[in-house]
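One structure is given here, and the rest of the page talks about it.
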Amino acid sequence: METVGVPTQYYQLVAALLFTIGLVGVLVRRSALIIFMSIELMLNAVNLSFVAFSRQHGQMDGQIFVFFVMAVAAAEAGVGLAIILAVFRHKQSVSLQNMNLLKD
Amino acid sequence: MIESAVKVLIVLGFVLIAVPFIVWMERKVIGHMQDRIGPQRVGPFGLLQTIADGIKLFFKEDLIPSQADRVVFFLAPALSVITAFVALSVVPFGDKVTVFGREVPLHVADVNVAILWVLGTTSMGVYGIVLGGWASNSKYPLLGGLRSSAQMISYELAQGISLVSVILMTGTLSLAGIVRQQEHLWFIVPQFFAFVIFLLCGIAETNRAPFDLPEAETELVAGFHTEFSSMKFALYFLAEYANMMVVSAVAISVFFGGWRGPFLPPVAWFLIKLSLFLFFFVWLRATFPRLRYDQLMAFGWKVLLPASLLNLAVTAVVVALSG
Amino acid sequence: MGEAILFTLFSVSAVVFSLGMVFRRNAVHCALHLVGVLLSLSGMFVLLHAQFIAAIQILVYAGAIMVLFLFVVMLLNVRGETPLLTPGAAKGFGFLFAFIVFVELLWVVVSQGGSEAEPAPVRVLPPGFGSPAEIGRILYTTWLFPFEVTSILLMIAVVGAVVLAKRKFA
């Protein structure tokens, strides 16, 4: 099946843009939940990159990687949200400036 | 392109016309099962009762709670309805027909991952409920919405795994392909347990009795749709019955041979089987008391999920051994 | 031609939703914008002949993981924090650093492929590329070991989440 169409560079560009937006979210927002969501956004940008390369080279390995990334992201979301819940019970807040127990 | 648009309109029109009919059927059947008559005054045999109710709902005041999130409040019922209708787009209603010299298959889209598509859209349907519960900005709807969505995502697992047992036998995920393979033997015969599990999960997915605690009138006021009035409530109502049709249609296509049957045209057989399934849903509602929430969740996780996994393992062994 | 239109549509919606996600105050709105990004990406996966991954993205990511996020947001009843972004110099450094990363990524992307006249060569895809059958075949032969390890990882995550989120009985 012939594939001409949108060149891979455009997909990579979108992936880079989404990754950067996620990075901004991680660096600049103060709520732990929003930062977590920004991390998920970065993971998705990487997924897009993998799938685009997979099509370019005609090999399925990129898509298998995405499969594993999704499984790991699910595991990470579960544990991470449990951690946020546990911290919230103590601090009654998810704002990062309250999570400073290790600071001197 | 044109034929897809026409098919979409036909399916949409069919569901919109069928739902009032199903509601009438439910009220009459439950009435007779409870030794009373049900609606009988509006139109012959009360047939126009649902239309009268629809007109009433249309003219009711559309209340929005004061601190409710307006955008999400507006979006939630729409999401429920959209996902229900979109899931219907891959169901084969009949075999090919020849219109104006062209062969037209009777499903809106033949996706080669049709079962995944249906499962995906029904899992998106959870959003309509959880967002509706949250957007009302009120205790009972929030609790009802959270409970209902937890119930739905719990039963999605066993539903998917029970379908995987059938997919092991067919080798294709496309619903049209699965119906085509049931020429000699309907899959209900070798996969009876998968059907039972799928049906129970389907009843829990659509929040129908006896799994309807999150939206029952006597508990939690009315659950997640307490604060919705007028057309938004009508949309939720429509979404619930459309979801029932989705579950029935998938069960028919996967286990009961889809549109296959002697003498009558395929679409007629599909409609007959669909009617039998919907009657079964109503019959269950009239017969069983509802499960308590912890019983419901325990049933889904501790009974249905291991049973579906066991069924899958046995099916896999049999398929591997027989070639 | 159709692919170009759909690509533009999906990529614009993904970027708009992601910007909305990062800069909105209400946590539930952020989660919904992220769901919008996931659905747009799912559409792009279909364009890239990855039908199974697209379906799994909707089923697992948008349908389960984000519902979990929404649950936690609703249960914790997180209100928007009053200064939205980190105050002071840290905000400036954050934007600067992200901009530098973007420039780097852009340079890599642009220098890698050909110019507009000759786009990077795209191979002819084998039949069944991206279908569940193909994914299953590779997953259970070449990638069997990571598959099994992932299942153990998921079990660890389930146990971890239950232990961390449990209330300690006093």
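The values are calculated or read from the model by the stated rules, or taken from the named source; none is laboratory data. This is a predicted model, so every value here is computed, not measured. No Cβ is skipped: glycine too gets one built from the backbone with ideal geometry, and neighbour counts run over all protein chains shown. Ligands, DNA and RNA are stripped out before the accessible areas are found, and what is left, the full protein with its side chains, is counted by its heavy atoms. Shrake-Rupley method; radii C 1.70, N 1.55, O 1.52, S 1.80 Å.
So for region A:21-91, taking the charge dipole from beta-carbon charges (+1 Lys/Arg, -1 Asp/Glu), which of A:Gln59, A:Ala71, A:Leu23 sits furthest toward the positive end?
A:Leu23
Given Cβ point charges of +1 (Lys, Arg) and -1 (Asp, Glu) and nothing else, what value in debye, to the nearest 20, does the dipole of the protein assembly as shown about its Cα centre take?
1360
Hey, if you put +1 on the Cβ of every Lys and Arg and -1 on every Asp and Glu Cβ in region B:2-315, which of B:Ala286, B:Ala68, B:Ile10 ends up farthest toward the positive end of that dipole?
Toward the positive end, the furthest listed residue is B:Ala286.
DSSP loop GluC sites (Glu not before Pro) in region A:1-103 with at most 11 other Cβ atoms within 10 Å of their Cβ, which ones?
Counting only loop positions with at most 11 other Cβ atoms within 10 Å, the GluC sites (Glu not before Pro) in region A:1-103 are A:Glu2.
Would you calculate, for chain A, the mean residue ellipticity at 222 nm contributed by helices, counting each DSSP H stretch of 4 or more residues as -39,500 (n - 2.57) and dividing by all residues, to the nearest 500?
-26500 deg cm²/dmol
Compute the helix-to-body angle for A:32-57: its Cα long axis versus the longest principal axis of chain A, expressed 0 to 90° and rounded to tens.
The two axes meet at around 10 degrees.
May I ask for the net charge around A:Met70, where only other residues with Cβ less than 11 Å from the Cβ of A:Met70 are counted and Lys, Arg are +1 while Asp, Glu are -1?
-2
Run lengths n ≥ 4 of DSSP H only: what is the helix-derived mean residue ellipticity at 222 nm for chain B, with -39500 (n - 2.57) per run over all residues, to the nearest 500?
It comes out at -22000 deg cm²/dmol, rounded to the nearest 500.
To the nearest 20 debye, what is the magnitude of the charge dipole of chain B about its Cα centre, counting +1 on the Cβ of each Lys and Arg and -1 on the Cβ of each Asp and Glu?
Its charge dipole is roughly 360 debye.
For region B:190-314, with the dipole built from +1 on Lys and Arg beta-carbon atoms and -1 on Asp and Glu ones, taken about the Cα centre, which of B:Met244, B:Asn207, B:Ser308 lies farthest toward the positive end?
Farthest towards the positive pole: B:Ser308.
Which of B:Thr83, B:Thr206, B:Thr172 moves the most in a Gaussian network model of chain B with Cα springs under 10 Å?
The residue with the greatest mean-square fluctuation here is B:Thr172.
Could you work out the longest stretch of chain B that avoids the trypsin sites (Lys or Arg not before Pro) located in DSSP loops with at most 11 other Cβ atoms within 10 Å?
B:42-291
Of the cross-linked pairs B:Lys232/B:Lys302; B:Lys302/C:Lys166; B:Lys96/B:Lys232; A:Lys103/B:Lys139; B:Lys7/B:Lys232; B:Lys139/B:Lys273, which ones have a Cα-Cα span greater than 31 Å in the structure shown?
B:Lys232/B:Lys302; B:Lys96/B:Lys232; A:Lys103/B:Lys139; B:Lys139/B:Lys273
Please give the charge dipole size of chain A, origin at the Cα centre, charges +1 on K and R Cβ atoms and -1 on D and E Cβ atoms. Round to the nearest 20 debye.
The calculation lands at about 480 debye.
At a 1.4 Å probe, what is the % contribution of carbon and sulfur to the accessible area of the protein assembly as shown?
72
Could you tell me which of rounded, prolate or oblate describes the protein assembly as shown, using a ≥ b ≥ c as the square roots of the eigenvalues of the alpha-carbon gyration tensor, with rounded for a/c under 1.5 and, failing that, prolate when a/b is larger than b/c and oblate otherwise?
Cα axes put the protein assembly as shown in the oblate bin.
Angle between the Cα long axis of helix B:192-205 and the longest principal axis of chain B, 0 to 90 degrees, nearest 10?
Once rounded, the angle reads 20 degrees.
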